[in-house]
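Structure incoming, see below.
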Amino acid sequence: MSQTHPLIAIKAHLINGKTVQTVNARDLYHFLEVRLSFSTWMKNHINRYEWVDNTDYLVFTHSGPHAGRPFKDYVLTLEKAKEMTMLTCTEKGHELREYLMNVDKEPFESLNDPAELRRLLLTYTDKVRALENRLNEILS
């Protein structure tokens, strides 16, 4: 479930117990054509502006391709995505800024539906269980 704009996708995530609109930080990074490395760009914003994990963003660690080095992905609240867009002085930043400033701040209608919330929770529960099982296999 997401709202897609030709510029960037906005999705719902549960952050700090609330369903909020979010933007994938890596998608934002690529769209804005930032010249720093992704990890440096993210660390700079998190540290400089004192962002808080599970309040301003979520972080996910993934295995690299072909069991390579793990990498981190971030999901930003819409507010932090707006902030990053305003702080990034690129032509693409100016292009995206107007859109993000006008995105509706109300929760997605379907998330007010208890059945949809239950479906999302079950999906995430299944993913967590699968990761726990995989971790147990690796550790045993």
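The values are calculated or read from the model by the stated rules, or taken from the named source; none is laboratory data. The structure presented is a predicted model; accordingly, all values stated were derived computationally and were not measured. Here Cβ is always computed from backbone atoms with ideal geometry, including for glycine, and neighbour counts include all displayed protein chains.
Checking residue 54 against (1) in contact (Cβ under 8 Å) with a residue 40 or more places away in the chain; (2) out of contact with any Asp or Glu (no Cβ under 8 Å at 6 or more places or on another chain), which test does it fail?
(1)
Hey, another quick one. For residue 54, work out the one condition from (1) at negative phi; (2) surrounded by fewer than 19 Cβ atoms within 10 Å (Cβ to Cβ); (3) touching a strand residue (DSSP E or B) at 6+ places or on another chain (Cβ under 7 Å) it doesn't fulfil.
Among (1) at negative phi; (2) surrounded by fewer than 19 Cβ atoms within 10 Å (Cβ to Cβ); (3) touching a strand residue (DSSP E or B) at 6+ places or on another chain (Cβ under 7 Å), residue 54 violates only (1).
The rows are residues; the columns are (1) modelled with pLDDT of 85 or more; (2) part of a strand (DSSP E or B); (3) over 18 Å from residue 9 (Cα atoms).
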residue	(1), (2), (3)
22	yes, yes, no
43	yes, no, yes
72	yes, yes, yes
93	no, no, no
99	no, no, no
111	no, no, no
124	no, no, yes
127	no, no, yes
134	no, no, yes
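Restricting attention to segment 57-87, report how many residues are more than 17 Å from residue 34 (Cβ to Cβ), of a type in the set (D, E, K, R) and touching an Asp or Glu at 6+ places or on another chain (Cβ under 6 Å).
Result for segment 57-87: 0.
Taking residue 101 as the residue in question, decide whether it is crowded, with 17+ Cβ neighbours inside 10 Å and either out of contact with any strand residue (DSSP E or B) (no Cβ under 7 Å at 6 or more places or on another chain) or farther than 30 Å from residue 138 by Cα (or both).
On the way: crowded, with 17+ Cβ neighbours inside 10 Å: no; either out of contact with any strand residue (DSSP E or B) (no Cβ under 7 Å at 6 or more places or on another chain) or farther than 30 Å from residue 138 by Cα (or both): yes.
Considered against the rule, which asks whether it is crowded, with 17+ Cβ neighbours inside 10 Å and either out of contact with any strand residue (DSSP E or B) (no Cβ under 7 Å at 6 or more places or on another chain) or farther than 30 Å from residue 138 by Cα (or both), residue 101 comes out as no.
Residues checked against (1) over 28 Å from residue 128 (Cα atoms); (2) hydroxyl-bearing (Ser, Thr, Tyr):
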{"position": "42", "(1), (2)": "no, no"}
{"position": "52", "(1), (2)": "no, no"}
{"position": "55", "(1), (2)": "no, yes"}
{"position": "61", "(1), (2)": "no, yes"}
{"position": "68", "(1), (2)": "no, no"}
{"position": "73", "(1), (2)": "no, no"}
{"position": "77", "(1), (2)": "no, yes"}
{"position": "84", "(1), (2)": "yes, no"}
{"position": "87", "(1), (2)": "yes, no"}
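Let me ask you something else. For segment 41-82, give me each residue that is under 15 Å from residue 27 (Cα atoms) and not hydrophobic (A, V, I, L, M, F, W, C).
Selection gives 57, 72, 73, 74, 77, 80, 82.
Select from segment 29-41 the residues that are in contact with a helix residue (DSSP H, G or I) (Cβ under 6 Å, 6 or more places away or on another chain) and aliphatic (A, V, I, L, M) and write down the one among them that is surrounded by the fewest Cβ atoms within 10 Å (Cβ to Cβ).
This residue is 34.
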